[in-house]
Amino acid sequence: MSKLTTLHEFIMDRQSDFPYASGELSRLLSDIAVASKVVSKDVRRAGLLENFLGAQGNTNIQGEEQQKLDVIADNQFIQMFKSGGEVCGIASEENDDFMAFESDFSKQGKYVVLFDPLDGSSNIDVNVSIGTIFSIFRRKSKAGESATLEDMMQTGDEQVAAGYVLYGSSTMLVYTTGRGVNGFTLDPYIGEFCLSHPNMKMPETGRLYAMNEGNVNICDPGIKEYIKEKCQTILEGANRPYSGRYIGSLVADFHRNLIKGGIYIYPATTVDPEGKLRLLYECNPLAFIAEQAGGLATTGHERIMDIKPTKLHQRVPYFIGSKTMMEEAMSYLKTE
Ligand code: P6P
């Protein structure tokens, strides 16, 4: 059996990829891994702890009912970023505004992190996979000063790193720093993320499509045509149609497509005319991973990582997945 490579060893080995960084990004990625282990522990025991399951009793800025575990995870990551010293500020799905850390220690931080602490949290109570998504930028503002909104509102192309943690049948951390995508599985017996999926590549095509088909009559009619003609038809050379796989947790649907090939579609609808998913801490980070793995991520018309953000919690229509499937699906779209 080959030697296990821990995430920490992997990060240190790759540190030389960043001559300008004197270890801060490595430490930040390690901090994210530690916070993820704590959240993983909480997620896996949530059913046993009365104050972990269920709704928090309020709604977040998204108008979504916050779950107790959303808040627990959010606080866990924020505390980790505050104490690590590499981060001068954050923005999170669970907080109305961005947060500039005010200690002199944190103001020296080189990076800002935008994250969704627990995506798919409506699935927590029914024991379906959920995930954390994170996006890391170098600050634009001067070290020593407070982080600014401008630090948070950068295009996806300016990300220095991005990744997700999937609390699934196992806990996995998958990330990129622009030099490929690597996946690590948490070994609960040694408490370490270990390299399990080196150099991940998204298959150029696939036979899995993920969409909430309840929306199919309230979105671009071309999507209904795409699903009917490409996904729900036995095409030449095939002996069955595609398979629909949609579990209501973007991280899980994306991870499956990254490994098996597939497409995830959350379009603009008459209910969500700008789309449902958030650009800064859901769409951008997964777009970075998708492109690094050979896939595509667009609004259906525009590359996600080209978009200049205009609002902190900006929503966009979202198509992400295998290159050929993406090109096919986009060719059906009727609306600009
Ligand atoms: P719907 C979860 O809230 C989420 O942001 C994604 O993880 C998921 O794919 C989508 O929304 C589910 O939305 O409208 O299908 O319930």
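The values are calculated or read from the model by the stated rules, or taken from the named source; none is laboratory data. Since the model is a prediction, treat every value here as computed from it, not as a measurement. Neighbour counts are summed over all protein chains in view; Cβ atoms, including those assigned to glycine, are modelled from backbone coordinates with ideal geometry. Only protein heavy atoms, including side chains, enter the accessible area calculation; ligands, DNA and RNA are left aside. Shrake-Rupley method; radii C 1.70, N 1.55, O 1.52, S 1.80 Å.
Annotation note: Cβ proximity below 7 Å between a residue of the stretch 235-253 that is aromatic (Phe, Trp, Tyr) and a residue that is more than 7 Å from the ligand (Cβ to nearest atom) (sequence gap 6+ or interchain) occurs for 242/207; 242/208; 242/209; 242/231; 246/210; 246/211. The residue that is farthest from residue 40 (Cα to Cα), among those in the stretch 123-165 that are within 16 Å of the chain's Cα centre (by Cα) and of a type in the set (Gly, Ala, Ser), is 156. Here 275, 321, 300 are screened, and the one residue that is away from the ligand (no atom under 14 Å from the Cβ) and within 24 Å of residue 159 (Cα to Cα) is 300. Pairs are defined by a Cβ separation below 9 Å, a sequence spacing of at least 6 or placement on different chains, a first member in the stretch 274-303 that is at positive phi, and a second member that is outside any loop (DSSP other than H, G, I, E, B) and away from the ligand (no atom under 11 Å from the Cβ); the pairs so defined are 275/316; 294/323; 300/222; 300/223; 300/319; 300/329; 300/330.
Just so you know, in the stretch 171-224 the residues that are away from the ligand (no atom under 16 Å from the Cβ) and among the polar types (S, T, N, Q) include one that is farthest from the chain's Cα centre (by Cα), and it is 205.
Determine whether residue 244 is under 26 Å from residue 271 (Cα atoms), within 16 Å of the ligand (Cβ to nearest atom), within 15 Å of the chain's Cα centre (by Cα) and not assigned by TED's automatic domain parsing to the domain that holds residue 123. Answer is no for this residue. The number of residues in the stretch 107-137 being more than 16 Å from the ligand (Cβ to nearest atom) and among the hydrophobic types (A, V, I, L, M, F, W, C) comes to 4.
Residue 122 falls short on exactly one of the conditions (1) in contact with a strand residue (DSSP E or B) (Cβ under 7 Å, 6 or more places away or on another chain); (2) among the small types (Gly, Ala, Ser); (3) within 24 Å of residue 276 (Cβ to Cβ), and that condition is (1). For the stretch 243-261, the candidate set comprises residues that are part of a loop (DSSP other than H, G, I, E, B) and in contact with an Asp or Glu (Cβ under 8 Å, 6 or more places away or on another chain); within that set, the residue that is surrounded by the fewest Cβ atoms within 10 Å (Cβ to Cβ) is 247. Residue selection: residue 123 satisfies the criterion of being in the same structural domain as residue 168 (by TED's automatic domain parsing), part of a helix (DSSP H, G or I) and more than 27 Å from residue 9 (Cα to Cα). Taking the stretch 305-317 as the range and being surrounded by fewer than 22 Cβ atoms within 10 Å (Cβ to Cβ) and in a loop (DSSP other than H, G, I, E, B) as the test, the residues that pass are 307, 308, 309, 310, 311, 312, 313, 314. Residue under question is residue 140, and the condition is that it be within 23 Å of residue 286 (Cα to Cα), modelled with pLDDT of 95 or more, more than 16 Å from the ligand (Cβ to nearest atom) and open to solvent by 50 Å² or more (accessible area, probe 1.4 Å); does it hold? Considered against the rule, which asks whether it is within 23 Å of residue 286 (Cα to Cα), modelled with pLDDT of 95 or more, more than 16 Å from the ligand (Cβ to nearest atom) and open to solvent by 50 Å² or more (accessible area, probe 1.4 Å), residue 140 comes out as yes. Taking the stretch 1-116 and the helices (runs of 4 or more DSSP H) fully enclosed by it, the elements with 1 or more residues that are among the hydroxyl-bearing types (Ser, Thr, Tyr) and buried (at least 17 other Cβ atoms within 10 Å of the Cβ) are at 24-45, 104-107.
Tell me yes or no: at least one residue of the stretch 311-327 is within 29 Å of residue 95 (Cα to Cα), at pLDDT 95 or above and of a type in the set (D, E, K, R). Looking through the stretch 311-327, at least one residue is within 29 Å of residue 95 (Cα to Cα), at pLDDT 95 or above and of a type in the set (D, E, K, R).
In the set (1) within 14 Å of the ligand (Cβ to nearest atom); (2) out of contact with any strand residue (DSSP E or B) (no Cβ under 7 Å at 6 or more places or on another chain), the condition left unmet by residue 309 is number (1). Restricting attention to the stretch 282-304, the residues that are open to solvent by 10 Å² or more (accessible area, probe 1.4 Å) and either under 30 Å from residue 96 (Cα atoms) or part of a helix (DSSP H, G or I) (or both) add up to 9.
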